[in-house]
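Okay, so here's the structure we're looking at.
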Amino acid sequence: MTEPFESRPGVARRLLLGLGLCALPAATFGQAGRALRVGDYIVAVVNSELVTAYEVEQRVARAREEIRRSGAREPASDVLRKQAIDSLIDERVLITYARDSGAKVDEVELDRAVNSVAANNRMSLAELRRRLAAEGLEFGRFRNNVRDQILVERVREREVHQRIQITDSEVDRYLEQQKSTAAAAVELNLAQILVSVPENASDAVVAERKARIDAALARVRAGADFATVAREVSEDGNRASGGLIGLRPASRLPDLFVEQARKLEVGEVSAQPFRSSAGFHVLKVVERHDGQAVRVQQTRARHILLRTSAQASVEDATRRLLELKRQIESGQRRFEDVAREVSEDTTAPAGGDLGWTSPGSFVPEFEEAMDRLAPGAISPPVVSRFGVHLIQVVERREVELSAKEMREQARAALREQKFGAAYQDWLKDLRARAYIEMRDPPQQ
């Protein structure tokens, strides 16, 4: 089971997407100099930050609730407590390093991030303030927490990715493994001409049969229709259908046929007859569905973007976009015309058209909203770090990835595989350089 306190990448991203305020840590960063609650005490000092017993108990309680909901077996209390302390220490190590790294978050970016939390939880900023107050979290401290988590995410992405090296040979091996895994998924539709050779046939009979298959192949190469020649010459049970075996998985075909078909493109015929225990064969590849071909769903969408600032709030942009959405859906205006008129994105002159895009092209909050739409549908206002969007899906299609795109996808998959280990190594290095002092509980 994954430890409930494992320090995983993406905490800030989940926060900024507003995936439920209950997921926000009750403890916040930036606690140096803050008075302790009555009965609370310091468990650890990490650089200039404190880890308190109250935070540890909150973290343990939250972990127990998550374990209970998952139906997993709960670890012993001392194990849970140690995991809680370790995760809180890791958080303090990360935030102090991120602050010292020189990375900055300006006020406009911070406002957008806080507004994203509110909007994606379907709250106004005032409602978010009230919700935080009900949970005992001051709004100013919440903003600082958001700022710190943006810093951590930014520094983590930059420094961990610098540690990950993907070589061309690793990409080659990955693609070969994918091919092997997908080989059984290949489907072939073959046609054959068979000239049988009786068991224990004499050399003269074998030669006569070989001459017959050679003549059949020569006719095909001279332009005769394969199916016609098969009907006239083949001794296979499928001769009536022009030798067509039919589409079936490669695993259900003789290995010899699969091996020969691998040398041929669709529409091609065997260069030479080949022999099996049944006799001499000539194959034609009629159809191939290659299991190693990767298909992805692409989306063509357009959007209208209203940027937010101190003078233009998320609430104002949302209200304006809702009215524009009403006008478009009622037929008063066309989406692309509105985009040209009001959108603050570089796509405005093209009516907001984003072109054909593959998965992973946009920030998560935008892409998730787009993926939920049927062609022609328009999203509700979507808050991202760029501002507030209306999204319309125009159409979708499935395409095969090119060789270059498959290599890029393989490189991305390998980077994702290596990220976890690289992140843990990076965190271990930071922790080794940090000042960490463990404190004993006060004597009763």
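The values are calculated or read from the model by the stated rules, or taken from the named source; none is laboratory data. In this text the structure is predicted, and so the values were computed from the model without any measurement. Note that each Cβ is placed from the backbone with ideal geometry, even for glycine, and that neighbours are counted across all protein chains shown.
Counting only helices (runs of 4 or more DSSP H) that sit completely within the stretch 57-138, those holding 3 or more residues that are surrounded by 17 or more Cβ atoms within 10 Å (Cβ to Cβ) and among the hydroxyl-bearing types (Ser, Thr, Tyr) correspond to 77-100.
Checked against (1) loosely packed, with under 15 Cβ neighbours inside 10 Å; (2) more than 17 Å from ALA278 (Cβ to Cβ), ARG219 meets all criteria but (1). Among residues of the stretch 190-202 that are closer than 13 Å to ALA230 by Cα, those with a Cβ under 7 angstrom from a residue that is surrounded by 21 or more Cβ atoms within 10 Å (Cβ to Cβ) and basic (Lys, Arg), sequence gap 6+ or separate chain, pair up as LEU190/LYS284; ALA191/LYS284. Going by what's in this entry, would ARG340 be described as in a helix (DSSP H, G or I) and either exposed (fewer than 15 other Cβ atoms within 10 Å of the Cβ) or in contact with a Lys or Arg (Cβ under 6 Å, 6 or more places away or on another chain) (or both)? So ARG340 does not fit the description; no.
When the test is whether a residue is closer than 23 Å to LEU427 by Cα, touching a Pro at 6+ places or on another chain (Cβ under 7 Å) and not basic (Lys, Arg), ALA44 does not pass it.
Every residue in the stretch 59-92 that is among the polar types (S, T, N, Q), over 18 Å from LEU430 (Cβ atoms) and modelled with pLDDT of 90 or more, please. Talk me through it step by step, then tell me what you get.
Taking the stretch 59-92 and keeping what is among the polar types (S, T, N, Q), we get 70, 77, 83, 87.
Those still in the list that are over 18 Å from LEU430 (Cβ atoms) too: 70, 77, 83.
Scanning the stretch 59-92 gives SER77, GLN83.
Taking the condition in contact with a strand residue (DSSP E or B) (Cβ under 7 Å, 6 or more places away or on another chain), buried (at least 17 other Cβ atoms within 10 Å of the Cβ), within 16 Å of ARG212 (Cα to Cα) and of a type in the set (A, V, I, L, M, F, W, C), does PHE274 pass? Against the criterion (in contact with a strand residue (DSSP E or B) (Cβ under 7 Å, 6 or more places away or on another chain), buried (at least 17 other Cβ atoms within 10 Å of the Cβ), within 16 Å of ARG212 (Cα to Cα) and of a type in the set (A, V, I, L, M, F, W, C)), PHE274 does not qualify.
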